[in-house]
Amino acid sequence: MKIVLPTLHVRRSPQAVPLAAANLVATLVNCIDSDCELLDFFPDNSAEEISLIILSCKPDMVAIPLYSWNRQTMLDVSLRLKQKNPSIILIAGGPEATADPDGVIQQGKVDAVIQGEGEITFREVIELFSKSGQLTLLPGLSLSTDSGIQHGPKRPFADPEELPSPWLTGVLRAEQGVLWEVARGCPFQCSYCFDGLGSTTVRTIPTARLAAELDLFSAAGVDQLWVLDSSFNVPTRRGKELLSLLAGRAPDIHVHLEAKIEHLDSELIQMTALLPCSIQVGLQSTQPQVLRAIHRPLNIELYTRQLRELSEAGVTFGIDLIFGLPLDDLSGFRDSLTIALSFRPNHIDLFPLAVLPGTKLFDQKAEYGIIAETCAPYRILSSDSWSTADLDRAYELAAAADLFYNLGRAVGFFEVLLQTTGLEPVQFLEKFANWMMVEQGVFRSVLLDAEQWRPEEILPMQEGFIQHLLINLDRNDLMQAALDLIRYHFHYAESLLGGETLPLEEFPQEEVWTKLWRLAPDVRLVPFSYEILDLLEMGEVDLEEFTDLFRPVGSMALFMRQGEEILCESLEEDFSTLLRGCDGTRSPEQIFSGAVSKSSGSEVVRFAIAEGMLIPAEEIDGADSL
């Protein structure tokens, strides 16, 4: 039997791993004779295109994971599949199918829906179908029949010991990015959340399996690991055990974690500081009445203390906030954002409330006067405390934070700009959004579509906005220093996130003087108004103090990454002339044109080649150097 499992991902990224579909296939390995094929799709694939690709695989059965971001498209796909080949058996699963099995069956004309965790149910469905050629009502399964929709009894949650690994069975191949499941269930009962599919008991994956998976990831050269556990450190002991396992088995892989701040103690924080990792913590709101309404207690003093300890330990962390929550309003959201930014997170994520079917908040909509989208992604439209106009302003504020603060790599200079301009953080971001739309003519829809922006597009916007503010404040004297500060942090962050520049182990010692060279693709040459080393030595820069102490003498800086270290050097004139001139069309001899001797010039060239800054021109096909 040919089974196709298509996954429509939210975006193209290293996280676009079809883990749910692979978990289903892993249960069939070595026990059921079936031919399974995983297919990956993305938002630029139309429903028609997806359906034609699925049909080209000639499937007998199609199993579709449904999420809030792909429900509409994939149920459109299922309709097209049925129209073009009515004999195909269609099965849906995932959060959307679990929360709304009847709606999914009716909307997509699917034959069956798996509710909850799907592995055991899926395996039993395939076993019975292989024998009888028919779908059979089972625990955890809903069927579309001639007499209507029938629901099997609820299936108990699976014991993780029973679940094979999609990585160790070879269903998934470990590549650059990996989604790593370490536990299932969530002990908390936030009213807006559907995490854990209703399971309040945390069931951990066996340590032996986790260790074997880490060995596999490390051997495969995996760069990044996203831990799929919304509270990896609950209880705290479990978090320490996981970090110990990571440190022992995969110390070089960057790990992304989600943590419950109340369960971070000093020992655990120090353990994270020794690993290449980042932690995302959910704040959601700082308003007491809001937190009570969503069943999310918060000790703000403890939260503040733990985040400061994370920051002092040098741990990269981000904060989540939700706007549109019950009993909150625009003023409360602005206050929460101000507090969140005061912690100086490396990243801040601001989300509109999604009123998800299956959650407690979904059943409380009338209590709070909530009107929300009836189709995925179920975003709030208004409530007793949120007008449509206020939600629109919150969307703009969220977009400004995403663009200027996140994509603009602003954590290192945001506080300095606030001090320089005399603006509060939320006021600053709101002015930025307004300036983008009014002064720069950016359509609101373009502003809000943050995923379409690239970092290199944000830098000139940041520079233009700061110039606008300083001109209005009649502080032109701070302009060049402010722009240098923004430019430095941008290129440092981009170098950190970019490719590594590796020293060249072997290169021809002869004729380097007459050979054509190009700047390596991940090396950045950036002009500054001031001497960049003076800027770096200031630490916490005060622009007024800086401009009093130094003069804009100009400099050219080099940025590149070697391992975990970012090299930022101010270049001497000869070195700068060489690197800027190496564009693949002129040799060092032609670049210097007699300004330096061949012997001294060749020494500079050999050093640049040995450090990986220059590579032979023919190694880059039409690439542009920065």
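The values are calculated or read from the model by the stated rules, or taken from the named source; none is laboratory data. Since we're looking at a predicted model, the values are computed, not measured. Backbone-built Cβ (ideal geometry, glycine too); neighbour counts: all protein chains shown.
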Restricting the stretch 1-19 to residues that are under 18 Å from residue 73 (Cα atoms) and modelled with pLDDT of 95 or more, the residue that is surrounded by the fewest Cβ atoms within 10 Å (Cβ to Cβ): 9
Count - residues of the stretch 1-27 that are among the aliphatic types (A, V, I, L, M), more than 22 Å from the chain's Cα centre (by Cα) and more than 22 Å from residue 55 (Cα to Cα): 1
Failed item, numbered, when residue 461 is tested on (1) closer than 23 Å to residue 342 by Cβ; (2) in a helix (DSSP H, G or I); (3) over 21 Å from the mean Cα position of the chain (by Cα): (1)
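Against the definition (at pLDDT 95 or above, outside any loop (DSSP other than H, G, I, E, B) and not assigned by TED's automatic domain parsing to the domain that holds residue 425), how does residue 318 come out, yes or no?
yes
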Hits in the stretch 338-372 - residues which are part of a loop (DSSP other than H, G, I, E, B), over 30 Å from residue 278 (Cβ atoms) and either of a type in the set (Phe, Trp, Tyr) or touching a Cys at 6+ places or on another chain (Cβ under 8 Å) (or both): 368
Sole exception among (1) in contact with a helix residue (DSSP H, G or I) (Cβ under 9 Å, 6 or more places away or on another chain); (2) farther than 21 Å from residue 122 by Cα for residue 53, by number: (1)
Number of the exception - residue 37 against (1) in a strand (DSSP E or B); (2) touching a residue at least 40 places away in the same chain (Cβ under 8 Å); (3) surrounded by fewer than 23 Cβ atoms within 10 Å (Cβ to Cβ): (2)
Single residue of the stretch 374-390 satisfying the filter (out of contact with any Ser or Thr (no Cβ under 7 Å at 6 or more places or on another chain), of a type in the set (A, V, I, L, M, F, W, C) and in contact (Cβ under 8 Å) with a residue 24 or more places away in the chain) that is surrounded by the most Cβ atoms within 10 Å (Cβ to Cβ): 386
Checking residue 335 against (1) assigned to a loop (DSSP other than H, G, I, E, B); (2) among the acidic types (Asp, Glu); (3) surrounded by fewer than 20 Cβ atoms within 10 Å (Cβ to Cβ); (4) over 20 Å from the mean Cα position of the chain (by Cα), the condition it does not meet: (1)
Selection within the stretch 570-584 - surrounded by fewer than 17 Cβ atoms within 10 Å (Cβ to Cβ) and outside any helix (DSSP H, G or I): 572, 583
Strands (runs of 3 or more DSSP E) within the stretch 87-153 that include 2 or more residues surrounded by 17 or more Cβ atoms within 10 Å (Cβ to Cβ): 89-93, 112-114, 141-145
Residue that is surrounded by the most Cβ atoms within 10 Å (Cβ to Cβ) [pool: residues in the stretch 164-218 that are in a helix (DSSP H, G or I) and hydroxyl-bearing (Ser, Thr, Tyr)]: 218
